[in-house]
1. Every residue in region A:211-236 that is within 11 Å of chain B (Cβ to nearest Cβ), among the small types (Gly, Ala, Ser) and in contact with a Gly (Cβ under 9 Å, 6 or more places away or on another chain), please.
2. Give me the strands (runs of 3 or more DSSP E) completely within region A:391-453, filtered to those with at least 2 residues that are basic (Lys, Arg), ordered by residue number.
3. Here's a check for you: in region B:309-324, which residue that is within 12 Å of chain A (Cβ to nearest Cβ) and open to solvent by 60 Å² or more (accessible area, probe 1.4 Å) is nearest to the chain's Cα centre (by Cα)?
4. For the condition under 30 Å from A:SER120 (Cβ atoms), buried (at least 16 other Cβ atoms within 10 Å of the Cβ) and among the aliphatic types (A, V, I, L, M), what is the one hit in A:VAL417, A:VAL403, A:VAL379?
5. Residue by residue through region A:329-357, note down the ones that are among the acidic types (Asp, Glu) and open to solvent by 50 Å² or more (accessible area, probe 1.4 Å).
6. Condition first: among the acidic types (Asp, Glu), at pLDDT 85 or above and within 27 Å of the chain's Cα centre (by Cα). Can you find one or more residues in region A:39-57 that meet it?
7. Pull up region B:89-137, narrow it to residues that are among the basic types (Lys, Arg) and open to solvent by 70 Å² or more (accessible area, probe 1.4 Å), then point me to the one that is modelled with the highest pLDDT.
8. Being open to solvent by 50 Å² or more (accessible area, probe 1.4 Å) and in contact with a Leu (Cβ under 8 Å, 6 or more places away or on another chain) is true for just one of B:ARG244, B:ARG251. Which residue is that?
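The values are calculated or read from the model by the stated rules, or taken from the named source; none is laboratory data. Being a predicted model, the structure only gives us computed values, none of them experimental. Reconstructed Cβ throughout: ideal geometry from the backbone, glycine too, with neighbour counts over all protein chains shown. All accessible areas refer to the heavy atoms of the entire protein, side chains included, with ligands and DNA or RNA removed. Shrake-Rupley method; radii C 1.70, N 1.55, O 1.52, S 1.80 Å.
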Amino acid sequence: MFDRTDAAPFDEAFGPDGRVRPEYAAAIDYFKKQGVQGIDHMHQSADLAMLNQGVTFTVYSDSRGTEKIFPFDLMPRLITAHEWDQIECGIVQRVTALNLFLEDIYHEQKILRSGLIPPSQILGSSLYCREMSGLNPIGGVHVQIAGIDLIRNQNGEHMVLEDNLRCPSGVSYVIENRLVSNRIMPELLGSYRVRPVSQYPQMLYEAMNSFSQSDKSTVAVLTPGVYNSAYFEHTFLASQMGAELVEGADLLVNNDKLYMKTTRGLKRIDVLYLRLDTEFIDPLVFRPDSLLGVPGLMHVYRAGNVTLANAPGNGVADDKSLYAYTPDIIRFYLGEEPILPIVPTYLGSRPADLKYMLNHLPELVVKPTDASGGYGLVVGSHASKQELAECSQRLKANPGHYVAQPIQQLSTHPSFVEQEDKQAFCSRHIDLRPFAICGADGDVKVLSGGLTRVALKRGSLVVNSSQGGGSKDTWVLYPDKNGIASGVSHA
Amino acid sequence: MLSRAARSLYRLGFLIERTENIARILDVNSRMSVEQEVFSELDVWSPMLEITHNREGFEERFGEVCAVNVVRLLLADSENPYSVRACIIEAREIARTAREMLSEELWLHINRFYLQMEHELGSGNLHRWHDFSENVHLFCNAFHGLRQNTMVRGDAWQFMRMGVALERAQMTQRILQIKYHLLLPSTHDVGSPLDMHQWQALLRSVSGYEAYRRLYKAKIEPAKVIKLLLLNPGFPRSLHFGIREVSLALREIGMCNEDQHRLYRDTEQFLDDLRGGAAGEDIISMGLHQYLQSVDTRCHMLGMQVHKAFFDTVTVSLEDDRERCFTIQINQQQQSGNTIFPHPLQKELCA
């Protein structure tokens, strides 16, 4: 039932000798007992539960838009208390430093003066938001909600792959996946000591509320509307937080205050959780053709009458070329060594790096700095000679536009798929997106869990839902009573 | 609550009620069509198309007016706004956008039925339409049960209640109109077994047969049927009951602008007419058909007023230079998807 032919050098469930890692023993026993048919049946119930709940995203292949569920893989991903300690500390450290960095570059710019980061890197970036300069968000907090993408390399080390500081999505799946696990395999869930995730909406609400001056504050979630692929998450968060779900047309600005239009007249909004890119939020300041935003919103923000979460202008801190500087950013603001390493990154803009890149193209992944979703990416080991030559041409022509990283062996995890006409648990690549929240006091809290995305296609490294990716419930375990950090209860 | 959300919930209640009524209309007709064998010239399907505004252009799209085609139009045609399918699709879409206002149970109920319906109707097979129609009844009644049992009596609930009540009031009188359209073969047949059978079918279709018997015993008299369906304050599908629901919902929501006050006054006036017996006299002096038409218009007007008072405008409280407070209603530009608001508001409005 467990096929390990595609296992990466580091597999989450099996050690290099093929033996089951201790924390996975109970789970693997459990699935063996269910048998392939039993698991298939469980999978169908899980899918049906998701469909009925409307935990779906929209695919625009026909006029009405087909709703698909984000495939859910039953076998949970386990993270021991020991592993989680490091992840949690690393994320708190990282988000704290990035908040200080954003506050700095929109004010004194000490880090630029120190010469650690070339000013052109920041001030020349299209993501640097001049409208934010000199603006004082409450507590100096720019990143209220962060999603940090982690991978595990061949040595089992957790590394940061990407920061998402604008509007990270996926947290609704973390909570819904747990509900489904609880429904479909309560015995297995109960046999582990798993940390809960359902408190996330409350964490989020408390953080949002901390930014309001009044006791009876109104928190609203701004959605681009029902046609957005993440709409389910927007309604989910609004309803779970007891917040208002608003669209741009529901809001108006008057006398530098933000209001929503209700059946009883106008009602003031104190905190607005933006699920919309910065460039669409205010047509008077950003894209004038945006119909999704609120004219005058930035005036309200500047007047200090509303908190926007996340703050506009965070893009400059999570773009691919800045990523290379994040270890230095942590050292500069916190005087600490980074707890979570990053994937070594070569910047085309640095002459020495460029030379290395040109000489080692087949071992590298080359990425344009401004693209996301895997667009324009060249994987050296998979590219033809001609593709490599073209890539090198482009690099020489516009070096500042590219970064490169050594090809990483993402860890694998047993996942229930159909392979060679039979269903089995096969090794598939995974990543992890934990979510962090920061309140007005600057304290960063990490949800004990996260979205594990899995590339269900054989050999694929791409975990995106649009490319055949699925998700797993992620079980962060409590420390064992005996101090052995496996988290498996021996009762 | 948010005007857009209020509109959605009102519309949701309205659509679920309309769904149920379409199924009920189909029901009354299939009950009445039982005697079609005996009176071959009796056209039971045309009146139904008439009251669902589907008579025009029917032949071009579907051909002959017969049971199969009418059922297809009213149950399965997603293009026809007066079909069960179109109503459920829209209701589900609205529920999706207003999900945070609904209880989890209510959302699941709607979504499950939608998925089941698309699965069943997707095959284009309508052989079992009686079963499906029955499921629609069950779905709608369970919807009301869940609405009652799982939702807080806040604005969301009241707007939904108003949508249900207004549509129900309007549809009950439309169902009565079927009888008007359904001409008997000759005047001799007034009071005949056929006539009686039709009245009975009509009563059954609004779940009023038992109520009628309890109130007026077995003998069916048209005047009493009309009284039950229009004027009885206790029968949950009567016009009177519906309008009172609207009035109660309005009272709970509260009024804060002129249009809202006017709407409430008009509703109370309507209710007074139904209560005070004026309506009974009207029915006699105007004739049933004219009376039903005037009721239809009145319900329609109330619907328009609801939109104007709550969804299409927003009330703004302002203070002038001498610190006098006043409120003003301004139009919302919902269609454009965006509001371009004069800034500063105050000067613009006071000018």
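1. A:GLY225 - this is the single residue of region A:211-236 that is within 11 Å of chain B (Cβ to nearest Cβ), among the small types (Gly, Ala, Ser) and in contact with a Gly (Cβ under 9 Å, 6 or more places away or on another chain).
2. Details: elements: A:402-406, A:412-419, A:422-433, A:435-438, A:444-446.
The qualifying strands (runs of 3 or more DSSP E) are A:422-433.
3. Pass one, region B:309-324, residues within 12 Å of chain A (Cβ to nearest Cβ): B:309-319.
Next, from what is left, pick out any that are open to solvent by 60 Å² or more (accessible area, probe 1.4 Å): B:317, B:319.
Working: B:SER317: 34, B:GLU319: 41 Å.
Filtering region B:309-324 for residues that are within 12 Å of chain A (Cβ to nearest Cβ) and open to solvent by 60 Å² or more (accessible area, probe 1.4 Å), the one nearest to the chain's Cα centre (by Cα) comes out as B:SER317.
4. Testing whether each residue is under 30 Å from A:SER120 (Cβ atoms), buried (at least 16 other Cβ atoms within 10 Å of the Cβ) and among the aliphatic types (A, V, I, L, M) leaves just A:VAL403.
5. Answer for region A:329-357, where residues must be among the acidic types (Asp, Glu) and open to solvent by 50 Å² or more (accessible area, probe 1.4 Å): A:GLU336, A:GLU337.
6. Of the residues in region A:39-57, the ones among the acidic types (Asp, Glu) are A:40, A:47.
Subset that is at pLDDT 85 or above: A:40, A:47.
Subsequent filtering for residues that are within 27 Å of the chain's Cα centre (by Cα) retains A:47.
Checked against the condition, which is being among the acidic types (Asp, Glu), at pLDDT 85 or above and within 27 Å of the chain's Cα centre (by Cα), region A:39-57 yields at least one hit.
7. Let us first name the residues in region B:89-137 that are among the basic types (Lys, Arg), namely B:92, B:96, B:99, B:112, B:128.
Filter once more, so that each one left must be open to solvent by 70 Å² or more (accessible area, probe 1.4 Å): B:112, B:128.
Numbers: B:ARG112: 94, B:ARG128: 79.
Checking each candidate, the answer is B:ARG112.
8. B:ARG244
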